[in-house]
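K.L.:
Just passing along the structure, written as structure tokens.
Since every read-out is calculated from the coordinates, none of them should be taken as a lab result. Quick caveat, the model's predicted, so the values are computed rather than measured. When we count neighbours, we look across all protein chains shown, and the Cβ atoms used for this are built from the backbone with ideal geometry, even at glycine.
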Amino acid sequence: MGHVTPFLLLSLILLSGTVALSFGNADPNVGCMDIERKALLKLREGLTDPSDQLSSWVGVNCCTWRGIGCNETTGRVDSLNLRNPSDDRILHALGGEINPSLLVLKDLLYLDLSMNNFRGLELPSFIGSLEKMTYLNLSGASFGGIIPANLGNLSKLLHLDLSNNAIESDLRWLPSLSSLQFLHLGGADLTKAAPYWLPTVNMLPSLLELHLPGCGLSILPPTLPHINFTSLSVLHLSANGFNSTLSPWLFNLTQLVNLDLSSNNLNGELPETLGSLTHLKNLDLSENSDIGGQLPRNLGMLCNLQSLKLSINKVTGDITEFIDSMSRCTNSSLERLDLGFNSLTGNLPNSLGLLKKLRFLKLWHNSFQGSIPESIGNLTSLEDFYLAQNKMGGVIPESFGQLSSLVAVDLSENTWEGVVTEAHFLKLRSLEEVAIQKASPNISLVFNISSKWIPPFKLAYLYLRSCQLGPKFPAWLRNQTELVTVVLNNARIADSIPDWFWQLDLLLDELDVAYNQLTGKVPNSLRFSNLANADLSSNHFQGPLPLWSPNITTLYLRDNQFSGPIPSNIGDVMPSLTDLDISRNGLSGSIPLSFGNLSMLTTMVLSNNYLSGEIPHFWNSIPDLYIVDMSNNGLSGTIPRSMDSLISLRYLILSSNNLSGELPSLRNCTGMKSLDLGDNKFFGNIPAWIGESMLSLLILRLSSNSFTGSIPSQLCGLSSLHILDLSHNNLSGHIPHCVGNLSGLKTSVISDKDTSYLYQGKLKVVAKGRVQDFDSILYLVNSLDLSSNNLSGEMPRELTSLIKLWTLNLSMNHLTGVIPSRIGSMEFIETLDLSINQLSGSIPPSMVSLTFLSHLNLSYNNLSGKIPTGNQFNSLVDPSIYEGNAALCGFPLPDCQVNGGTPQGPSGGGEDNGFEMLGFIISMVIGFVIGFWGVCGSLVISKSWKKTYFHFTDKMIVACMRKYQRRQ
């Protein structure tokens, strides 16, 4: 029915005489009129009544029927209360149609059909003819259509509630309700009235409460020349999309007790005139996102204020003076203070302890510093205390244990330190929820509690992360028989979980004891409620995998010592699983066929075990799979073709197994982001459909297989790709020139905040000369590895446009030609390996610009000339980097010699110096021809010398001419 002020309720009672506001009835000695009895029976005929609410509508005296009230003097029906008393609107709500026979009830003052289900039926227009009506409540009754304009005929109406229906109106009928004191149209579509809603409402001089939440009003007028509804005590305008500053007229409503402007887009600072609302008890400006500025000092004048909500805004400034001002009231009425999700700073002052009526204190998601003041113990009425996500720290005071009414506390994401003892919980008899978690694994808060201590509370929610409770399992949990959530993550517990814990017979929705050193076997006796989570990861649990309640949805058992086969009936016992991670254990045997019963599974991680056998063909039964990781096992056979049905699949990781065969089509997996099939025995050509269908691919790893043929040019269409590893195969042909289209390796460095790149899994990447595992920062790795193949031809110049590349490995191929001169533009490159090819020419001077370069290998090519100096090249002191290039010289190899010794190489490099090199070689040949008889006549004497020398000369000329032709 909404909030009704005492004054309004009194008015209704006086006007309606003996109105029956509940299910009681009038004096049984006064019978109702026969015409009204028949009218009510006609009304019942049109209604559907699935729970027989109207079963009492029998007999001649309708005044005794359920929901009917009659005037004690006249016997006429003046009240009809058919509000659905149940929350179940399907089994108990009235429905059907409302018969116009109601018009017979001429003296009807009170009509309540709320919380029923009339399935979109239009609001009956004839209700506007019941001119004596003072109370009308049709809220939540599933009416629809346009509010009939003749409701304006109800000039005596005091209370009108049409909220939570699918109705609309332009409000032009509203000013006629001159007596109206309560108006609630929440959820109605009033967009047509948006430009003039305020002047319209302002024509109701008796209005005490106005509720228009979620009505699409959009416009909050900045001015109102004259205010008629000066007695307004409740104003609720939340969720209307106002995009303006707070209008000054709001703060001229001096009788306001409750103001709710939450969930809009209000902006600007809070006005100083706020303090003029001295009667205000509830102020809700939360979720306005753009309200900014500092907290106004004159809020401290609102000594009658009971509730202040400013959460989810942009309020800034130091909180100290604000709290000080609020505490100056000799008898502060403040019970609820919600400043969460802002940018407030400063320390919590000792004056906080003077707000002794506080029941709810929410200061989370700000930038408060310092520690909790000692005066916190004075807030003995405090029930909810939320300080999470701040920059607070220091020792939690022992006075915290004086909060005898405390029910829930969340101190997470701060840097608490010191010791927590029994004194911190001394009087917390009402405590039900405790949360102290840290994002960092570093532990600075230690629980030092006696094993004999018996807590005075019964917790339901215990969430402790990165707090030391160990090394023993906390014995004080022994009497916590009402626990629903148990999180003891990274608590330095090096113990087995005692039998008494397993025997508490808890019904859990979450159990998280990950990142400890817990040992022993895990029983199957744990019970879980619907949508429950269990995480036992990173411990030393042994024995077979546990099988728990069918209600469990997420199960993380990775990184333990579980052994034996995966239970064959796992899919039958836990059919509700959505996330399963049992990686990094000692599991053996085959993958159970019952996995096919896990129809809601989205994550399947079985990696790093000893699983064998073929991959089963159950994929059509698990359509929502998002991640499949079966890497590092001993699986054999082929990839099932039914995997092509996994249209939701994003990460397929099958590396390091014994899988073989040609790749089946996975064309339907169009959203794939990571495809890792490395370290297997696949053969055949790399399919072109990878580049045609998987356009969102971020990682493609096919290394260490037996793929043949050329690199498909279609792979160049993978614009998001940032890791491409085709190394250690038998690929041939040229590197496609379209490699420059890989824009994922060309754009600016990815921001850490770009969550689309924060995917799961580990990947082996050859970087800095060794194989490295990447996981948490995998989204930052940018690598192109084509090493150990049979690729030929030149390095494409387009490679140098991949400026985001960190690792480029083209080693152990048959590449020829020169290193592109613009390779220095690859400014982020750290690892460059071009070794064991047939590259020639000089090292381009632009490589000096590669200031991140820390690993370089150019060995065993045909490079010549002087090694560049400067920047990173001065730190590359290992001669093996350049070995196998007989014509190279300079640091760290022997110095270049102009006359004798190693020849002086040209200063330039790359293809831009090709003509200079060509001219130099031709000059040498002409010099040879002219001086042949004079200088080298002795060659004629020896046939073997002559043959060798001319063979060398022919080779040099042919090489030069090919070079010249390529340039043309």
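K.L.:
Apply the Karplus parameterisation 6.51 cos²θ - 1.76 cosθ + 1.60, with θ equal to phi minus 60°, to every residue of region 826-831 and state each ³J(HN,Hα) to the nearest whole Hz, in sequence, with x for glycine and proline.
P.N.:
7, 5, 9, 5, 10, 10
K.L.:
Please compute the Kirkwood hydrodynamic radius of the chain from all pairs of different C-alpha atoms, in Å with one decimal.
P.N.:
Numbers: mean 1/r = 0.0280 Å⁻¹.
Across the chain, the inverse of the average 1/r is 35.7 Å.
K.L.:
About the Cα centre of region 253-376, what is the dipole size in debye to 20, counting +1 per Lys and Arg Cβ and -1 per Asp and Glu Cβ, all else neutral? Don't skip to the end; give the middle numbers.
P.N.:
Details: 10 positive and 12 negative charges, 77 e Å.
The calculation lands at about 380 debye.
K.L.:
Please name whichever of ASN350, PRO894, LEU780 sits farthest to the positive end of the charge dipole of the chain, dipole taken about the Cα centre and charges placed at Cβ: Lys and Arg +1, Asp and Glu -1.
P.N.:
The one lying farthest along the dipole's positive direction is PRO894.
K.L.:
Moving on. Taking 8 Å as the Cα distance limit and 6 or more residues as the minimum spacing, I'd like the relative contact order of region 777-881 as a percentage.
P.N.:
22
K.L.:
Also: What nm distance separates the two modelled labels at SER333 and LEU507, each placed 7 Å from Cα along Cα→Cβ?
P.N.:
Result: 4.2 nm between the two label points.
K.L.:
What list of ³J(HN,Hα) values in whole Hz, one per residue of region 538-545 in order, does the Karplus curve 6.51 cos²θ - 1.76 cosθ + 1.60 (θ = phi - 60°) give from phi, with Gly and Pro shown as x?
P.N.:
Each residue's phi maps through the Karplus curve to give 6, 9, 10, 5, 10, x, x, 4 Hz.
K.L.:
So what is the 222 nm mean residue ellipticity for the chain from helices alone, if each DSSP H run of at least 4 adds -39500 (n - 2.57) and you divide by all residues, rounding to the nearest 500 deg cm²/dmol? The partial results should precede the final answer.
P.N.:
Working: 11 runs with 100 residues, N = 968.
Value at 222 nm, helices only: -3000 deg cm²/dmol.
K.L.:
Same structure, new question: Using the structure shown, list the pairs from LYS357/LYS438; LYS314/LYS673; LYS314/LYS438; LYS357/LYS452; LYS427/LYS521; LYS281/LYS458 with a Cα-Cα distance above 28 Å, or answer none. Working shown, then result.
P.N.:
Details: LYS357/LYS438 30 Å; LYS314/LYS673 37 Å; LYS314/LYS438 25 Å; LYS357/LYS452 35 Å; LYS427/LYS521 37 Å; LYS281/LYS458 33 Å.
Violating the 28 Å limit, Cα to Cα: LYS357/LYS438; LYS314/LYS673; LYS357/LYS452; LYS427/LYS521; LYS281/LYS458.
K.L.:
Can you give me the long-range amide H partners of GLU614? Hydrogens built in the peptide plane at 1.01 Å from N, cutoff under 5 Å, separation of 5 or more residues or another chain.
P.N.:
SER636
K.L.:
Pull out the extension gain between SER706 and SER405, defined as 0.36 nm times the separation in residues minus the alpha carbon to alpha carbon distance; nm, one decimal.
P.N.:
In short, 101.4 nm is gained.
K.L.:
A further question on this structure: Using the 10 angstrom Cβ neighbour count as an exposure proxy, how do MET301, MET574 rank, fewest first? Walk me through the numbers on the way to the answer.
P.N.:
Working: MET301 19, MET574 23.
Final ranking by Cβ density, sparse to dense: MET301, MET574.
K.L.:
Could you list which residues have their amide H under 5 Å from that of ILE167, counting only those 5 or more apart in sequence or on another chain, with H placed in the peptide plane?
P.N.:
ASP189
K.L.:
If we count other beta carbons within 10 Å of each Cβ, what is the order of CYS70, CYS669, CYS215, CYS738, fewest first?
P.N.:
Values: CYS70 30, CYS669 23, CYS215 26, CYS738 15.
Exposure proxy ranking, most exposed first: CYS738, CYS669, CYS215, CYS70.
K.L.:
Here's something else I'd like to know. So what's region 359-416 giving for Rg/Rh, alpha carbon basis, Kirkwood Rh from the mean inverse pair distance? Walk me through the intermediate numbers first.
P.N.:
Numbers: Rg = 10.6 Å, Rh = 11.4 Å.
Dividing the radius of gyration by the Kirkwood radius yields 0.94.
K.L.:
Sticking with this one: So how strong a dipole does the chain carry about its Cα centre when Lys and Arg Cβ are +1 and Asp and Glu Cβ are -1, to the nearest 20 debye? Can you show the working numbers first?
P.N.:
Numbers: 62 positive and 79 negative charges, 393 e Å.
For this selection, approximately 1880 debye.
K.L.:
Using the Cα centre of the chain as origin and beta-carbon charges of +1 (Lys, Arg) and -1 (Asp, Glu), tell me which of LEU80, LEU702, LEU462 is placed farthest towards the positive end of the dipole.
P.N.:
Positive-end residue among those listed: LEU702.
K.L.:
What full-extension length gain, to one decimal in nm, is calculated for SER825 and HIS734 as 0.36 nm per residue of separation minus the Cα-Cα distance?
P.N.:
On the way: separation 91, 0.36 × 91 = 32.76 nm, distance 2.25 nm.
Gain on stretching SER825 to HIS734: 30.5 nm.
K.L.:
Give me Rg/Rg_expected for region 46-141, where Rg uses Cα atoms only and Rg_expected = 2.2 N^0.38 Å with N residues.
P.N.:
Values: Rg = 13.2 Å, N = 96, 2.2 N^0.38 = 12.5 Å.
With N residues counted in region 46-141, Rg over 2.2 N^0.38 Å equals 1.06.
K.L.:
Starting from the amide H of GLU269, placed 1.01 Å from N in the peptide plane, find each other amide H under 5 Å away whose residue is 5 or more places distant or on another chain.
P.N.:
Long-range HN contacts for GLU269: GLY292.
K.L.:
On to the next question. At a temperature of 10 °C and a viscosity of 1.306 mPa s, determine how fast region 138-270 diffuses translationally according to Stokes-Einstein, using the Kirkwood radius over alpha-carbon pairs as Rh; express D in µm²/s, rounded to the nearest whole number.
P.N.:
Working: Rh = 14.9 Å.
For the chosen part, D equals 107 µm²/s.
K.L.:
Consider just the alpha-carbon atoms of region 179-220 and return their Rg together with their Dmax, both in angstrom.
P.N.:
10.1, 27
K.L.:
If you plug each phi of region 162-169 into the Karplus form 6.51 cos²θ - 1.76 cosθ + 1.60 with θ = phi - 60°, what whole-Hz ³J(HN,Hα) values come out, in order, with x for Gly and Pro?
P.N.:
10, 5, 6, 10, 8, 10, 9, 6
K.L.:
Which of the helices in the chain, when you take each full DSSP H run, stretch at least 18 Å along the axis at their Cα atoms and have an average Kyte-Doolittle score of -1.0 or higher?
P.N.:
Span-like helices here: 34-46, 914-930.
K.L.:
With contacts defined as alpha carbon pairs under 8 Å and 6 or more residues apart, what's the relative contact order of the chain in percent?
P.N.:
Values: 2616 pairs, mean separation 27.1, N = 968.
Taking the mean separation of contacting Cα pairs over the length of the chain, I get 3 percent.
K.L.:
At 7 Å along the Cα-to-beta-carbon direction for both SER665 and GLU398, put a label point, then send me their distance in nm to one decimal.
P.N.:
The answer from the label model is 7.5 nm.
K.L.:
I've got another one for you. Give me PHE242, PHE683 sorted ascending by neighbouring Cβ count inside 10 Å, so fewest comes first.
P.N.:
Fewest-to-most ranking of PHE242, PHE683: PHE683, PHE242.
K.L.:
While we're on this one: For ALA688 paired with ALA439, estimate the spin-label separation in nm (one decimal), with each label point 7 Å from Cα along the Cα-to-Cβ line.
P.N.:
Computed distance between label sites ALA688 and ALA439 equals 4.7 nm.
K.L.:
Among GLN503, ALA193, GLN542, whose Cα sits farthest toward the positive end of the charge dipole of the chain (+1 at Cβ of Lys/Arg, -1 at Cβ of Asp/Glu, about the Cα centre)?
P.N.:
Projecting each Cα onto the dipole axis, the largest value belongs to GLN542.
K.L.:
Sticking with this one: Zone of GLU72 (label point 7 Å along Cα→Cβ, backbone N under 20 Å): which residues in region 92-114?
P.N.:
Flagged as within label range: 107-110.
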